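Asks: First the structure, which I've put down as structure tokens, then a few questions once you've had a look.
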Amino acid sequence: MPTNTSPAGATQGDLPDFVYKSIAQQIRDGLCVLFLGPGAVSAREGDRWRPLTELCANQLVQEYGLDLPPAEANSLVHVTSMLRNRNRDNLADTMIMGKVQKFYEDAARTAQLPPALEQLADLPFKIVVNTTPDDFFVRYYANALAPYRFEFYHFRQPERDPLFDFKDDPPPLIYNLFGFYKKDPSSLILTNKDQLAYVNKITGAQHERLPESLLAAFNVPRFYLFLGFDYEDWTLKILLDELFKNARSNIKPFAYPLRGAVPTNSLDRIFFQGEFSMEFPDVDLETFVVNLKKHLDGDTAAQPGASANLADVLILYNGAKDEEGSQALLRYLKPLKVRPWTLADAVGQGDVTAWLRQKLDECQIVLPLISADFFDASNPALPLLDEIVQRNNPRNRFLVMPILLHFIGLDGTPIGPLRTTRPLKGQPVFGNGQEEKMLADIAETLKKYIETPTG
């Protein structure tokens, strides 16, 4: 472990390679737990990332005309407590929950999340503990067609232990410690009153505490990655004391802040180092994830028999509007063992038509993304469309699967006779509010096709 520390006990510098390798191995072995703090679940605001909890607090401040200094205006607990104190009744609580729920509903559609969060979702963690009220991390699993189990703790109505079993290679568990905005906003920990009630529950009667089967998983020696936490928050100290009540000697936690965050003060560092042996490397969350990925990818590539791509995929589209559809599709194809090619890869490669013919010989799958723009004369793939369709022979490992991005009649076009067009029944991907489901179905279809043995 890092040993170069200041008198205050703060670890200086980034982690040495052997620690990255140790963390990477623990992740591969399923012995590393990921804790997501408010700073990890951030959204882009201008040229920086800000925690969604801060943005939610700021919106409430603006909506209700609160005159607060920045530090207070960024604290969701402080702002919601002020609003509650204005009107001390259950209606105030319901109003606050509704406002926060609406904020996260809007953020689910519009927020641009940091790439590091998606990169973390690609890693094989067995347990992910989320301390924000959203399910954004869950969506990465769902979009990748990856198995997972999602649960949350409801401090007002604790349920029986769901009996998590971590012995027989179960799907990853993503657990919201502080409630979930979508299913039941009354589960959210918002005000000071909520925090006190939550602490009383998790440290009180056995049947209302956090699930014992979850706590039992912490008795196994593991590494813990704490990303984007505020270590001055007193509830965090109580929470960790409860989580690791009987496992102090089994844990090796590391703390990583959001880039640009105020460094943790020496008093709090000493507490977490003394009580939990927590390391505070001098590296931000984003840099840590990039470095960790390098070690994981490098180690995997060096292993004998490391899996290669099973198919090259040529994605054809035309027009700036369909770039969005292309990027959305690529996100769903990412977990598959494919190497995608688009016309952007033809830049600097000479004659575009010659490049396309070369790729048609090299690729096993062609995905024309269809909209009205696709049939515009400016599309360099249009002159080859008849040839592309004629090549379609899925049983001989050459699949042409047109994807209807936006509604357009295909009768009378070379694509019309193809039975491989998706989505089925002539529905477009965009325009019906079913984009995620349809893209997931397309990715699942391709996955089955790619993994089906030939011969």
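The values are calculated or read from the model by the stated rules, or taken from the named source; none is laboratory data. Bear in mind that the values here come from a model prediction, so they are computed numbers and not experimental data. Cβ placement follows ideal geometry from the backbone for every residue including glycine, while neighbour counts extend to all protein chains displayed.
Asks: How many residues are in contact with a strand residue (DSSP E or B) (Cβ under 9 Å, 6 or more places away or on another chain), within 22 Å of E324 (Cβ to Cβ) and either outside the structural domain of E323 (by TED's automatic domain parsing) or not hydroxyl-bearing (S, T, Y) (or both) if we restrict to segment 340-379? Give the steps one after another, and end with the answer.
Replies: If we filter segment 340-379 for residues that are in contact with a strand residue (DSSP E or B) (Cβ under 9 Å, 6 or more places away or on another chain), which is where we start, we get 340-343, 356, 359-360, 362-371, 374, 379.
Pick out the ones that are also within 22 Å of E324 (Cβ to Cβ) and you get 340-343, 365-371, 374, 379.
Imposing the further condition that a residue be either outside the structural domain of E323 (by TED's automatic domain parsing) or not hydroxyl-bearing (S, T, Y) (or both) reduces the set to 340-341, 343, 365-370, 374, 379.
Here the count works out to 11.
Asks: Kindly check whether there is at least one residue in segment 110-125 that is among the aromatic types (F, W, Y) and either part of a helix (DSSP H, G or I) or under 16 Å from A43 (Cα atoms) (or both). I'd like the intermediate steps shown before the answer.
Replies: To start, the set of residues in segment 110-125 that are among the aromatic types (F, W, Y) comprises 125.
Checking the rest, the ones that are also either part of a helix (DSSP H, G or I) or under 16 Å from A43 (Cα atoms) (or both) come to none.
No: segment 110-125 contains no residue that is among the aromatic types (F, W, Y) and either part of a helix (DSSP H, G or I) or under 16 Å from A43 (Cα atoms) (or both).
Asks: Before we move on, is S213 polar (S, T, N, Q), under 20 Å from P158 (Cβ atoms) and assigned by TED's automatic domain parsing to the domain that holds F35? Break it down stepwise before answering.
Replies: On the way: polar (S, T, N, Q): yes; under 20 Å from P158 (Cβ atoms): yes; assigned by TED's automatic domain parsing to the domain that holds F35: yes.
Yes; evaluated as a whole, the condition is true for this residue.
Asks: Of all the residues that make up segment 380-405, how many are free of Cβ contacts under 8 Å to residues at least 60 places away in the same chain and either within 16 Å of G325 (Cα to Cα) or not assigned by TED's automatic domain parsing to the domain that holds L367 (or both)?
Replies: So the answer is 3.
Asks: Being part of a strand (DSSP E or B) and of a type in the set (F, W, Y) is the filter here; which residues of segment 387-414 pass it? Give the derivation first.
Replies: Initially, segment 387-414 is screened for residues part of a strand (DSSP E or B), giving 393, 398-400, 403-404.
Result: F398, single match.
Asks: Does D165 satisfy being touching a helix residue (DSSP H, G or I) at 6+ places or on another chain (Cβ under 9 Å), at pLDDT below 85 and either closer than 18 Å to T53 by Cβ or loosely packed, with under 15 Cβ neighbours inside 10 Å (or both)? Quick ask: steps written out before the conclusion?
Replies: Numbers: touching a helix residue (DSSP H, G or I) at 6+ places or on another chain (Cβ under 9 Å): yes; at pLDDT below 85: yes; either closer than 18 Å to T53 by Cβ or loosely packed, with under 15 Cβ neighbours inside 10 Å (or both): yes.
When the stated conditions are applied, D165 passes them.
Asks: In addition: Looking only at segment 399-425, count how many residues are aliphatic (A, V, I, L, M) and over 17 Å from L382 (Cα atoms). Steps first, please.
Replies: Of segment 399-425, the ones aliphatic (A, V, I, L, M) are 399-401, 403-405, 408, 410, 415, 418, 424.
Okay, now just the ones that are also over 17 Å from L382 (Cα atoms), so 399, 424.
Summing the residues that are aliphatic (A, V, I, L, M) and over 17 Å from L382 (Cα atoms) in segment 399-425 gives 2.
Asks: Report whether or not P414 is assigned by TED's automatic domain parsing to the domain that holds N393, touching a Phe, Trp or Tyr at 6+ places or on another chain (Cβ under 6 Å) and either surrounded by 13 or more Cβ atoms within 10 Å (Cβ to Cβ) or polar (S, T, N, Q) (or both). Even if it seems obvious, please write down each step before you answer.
Replies: Working: assigned by TED's automatic domain parsing to the domain that holds N393: yes; touching a Phe, Trp or Tyr at 6+ places or on another chain (Cβ under 6 Å): no; either surrounded by 13 or more Cβ atoms within 10 Å (Cβ to Cβ) or polar (S, T, N, Q) (or both): yes.
For P414, the condition - assigned by TED's automatic domain parsing to the domain that holds N393, touching a Phe, Trp or Tyr at 6+ places or on another chain (Cβ under 6 Å) and either surrounded by 13 or more Cβ atoms within 10 Å (Cβ to Cβ) or polar (S, T, N, Q) (or both) - is not met.
Every residue, every condition in (1) under 14 Å from L52 (Cβ atoms); (2) crowded, with 17+ Cβ neighbours inside 10 Å; (3) among the hydroxyl-bearing types (S, T, Y), yes or no:
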position	(1), (2), (3)
V100	yes, yes, no
E105	yes, no, no
V129	no, yes, no
Y153	no, yes, yes
